[in-house]
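Worksheet: the structure to be examined is printed underneath.
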Amino acid sequence: MTPESPSDPPLRFAWTAAGPFAFTDEGAGPPLVLVHGLPGSSRDFRWLCSALGHDVRSIRVEQPGFGQTPWTTESGTTLAHRARFVLEAVDALGVDRFRVLGHSIGGPVAMAVAARAAARCDGLALIASVGLHPHRLARRTPRRPELARPLTWRPVQRLVLPELRRGFARAGFPASTPEGEMIQCTRVFGSLDFAHNRAAAFGVRAPSLIAWAEDDALVEPAIGLSLSQVLPDGPRLPFATGGHNIQKTRAVELADALRAWMRIPTA
């Protein structure tokens, strides 16, 4: 179910040593750091954070090149670069212990954060996550790592943008996706390395919560099942319906499971 209204707190800004980043910070209690997918922003979690309520400190960090965080704050696009950015943002906000949640391609980032910060991370939650092996969208979309650097150059961007826009439309992403975010998605997707995802997963020591929907058009249920077999024990939430964005369509059910997993008393 979806809550009656979303939670849309104003964006705030802080700085890592490399540059600024945008985030929201709401609620109190145990910190939960939320990592959105691509394209995406902090608003991807507005329904889930509404359902979580004020007993969870929900920290949504906008990833480099998305929302209001400039890509120059972390120009690298590998899993290691993106996990490093999240940890630097968490440090900049003065957060010591935390749980981390990742949606879609933000899932491997969350796994890498949990593995790198094993002494500080109390839990890992994955929502419709990309996993250990290529999912259906990755299998039908060519990855071009050699384009990563040239895509920061305007002449190259002008050449590839028409085809990128057509590709995004075919994948079901909204026509309103900003050009800069399409470019950054292509750079990150080109750096996607499932061997790195697997290494991150095997490094996780914290309990895990994993949720997926059977009717997800982008990441099939087998991906969630394989993650469930590798990651440490915890709740497993398969939904019959809900699509790829279950942080909205199943926000209430997910919030209830997250609160129980985090041992937060119900009202």
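A compact table of results
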{"item": "The chain - mean residue ellipticity at 222 nm from DSSP helices (-39,500 (n - 2.57) per run, n ≥ 4, rounded to 500)", "result": "-11500 deg cm²/dmol"}
{"item": "Top of GLY37, GLY243, GLY172 by mean-square fluctuation, Gaussian network on the chain, Cα under 10 Å", "result": "GLY172"}
{"item": "Additional length obtainable on full extension of the chain from ARG263 to ARG136, 0.36 nm per residue less Cα span", "result": "42.2 nm"}
{"item": "0 to 90° range, to nearest 10: angle between helix 221-230 axis and the chain longest Cα axis", "result": "60 degrees"}
{"item": "Built amide H within the under 5 Å cut-off of GLU214, gap 5+", "result": "PHE239, ALA240, THR241"}
{"item": "The stretch 154-231: trypsin sites (Lys or Arg not before Pro) falling in loop per DSSP and having at most 15 other Cβ within 10 Å", "result": "ARG205"}
{"item": "Projected label distance in nm at ASP193 and THR72, using a 7 Å step from Cα toward the beta-carbon", "result": "2.7 nm"}
{"item": "Acute angle (nearest 10 degrees) that the helix 179-190 long axis makes with the longest principal axis of the chain, alpha-carbon atoms", "result": "80 degrees"}
{"item": "GNM top mover of LEU126, LEU164, LEU209 - the chain, alpha-carbon springs below 10 Å", "result": "LEU164"}
{"item": "Net lengthening on full extension, ASP256/TRP153 (0.36 nm per residue, minus Cα-Cα)", "result": "32.6 nm"}
{"item": "Most fluctuating residue given options ALA115, ALA125, ALA240, as computed from a GNM of the chain linking Cα atoms under 10 Å", "result": "ALA240"}
{"item": "Distance between modelled label sites at PHE202 and LEU11, nm, 7 Å Cα→Cβ extension", "result": "3.9 nm"}
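Laboratory data are not the source of any read-out in this text; all were calculated from the coordinates shown. Since this is a predicted model, take the numbers as computed values, not measurements. In this analysis, Cβ positions are derived from the backbone assuming ideal geometry, glycine residues included, and neighbour counts consider all displayed protein chains.
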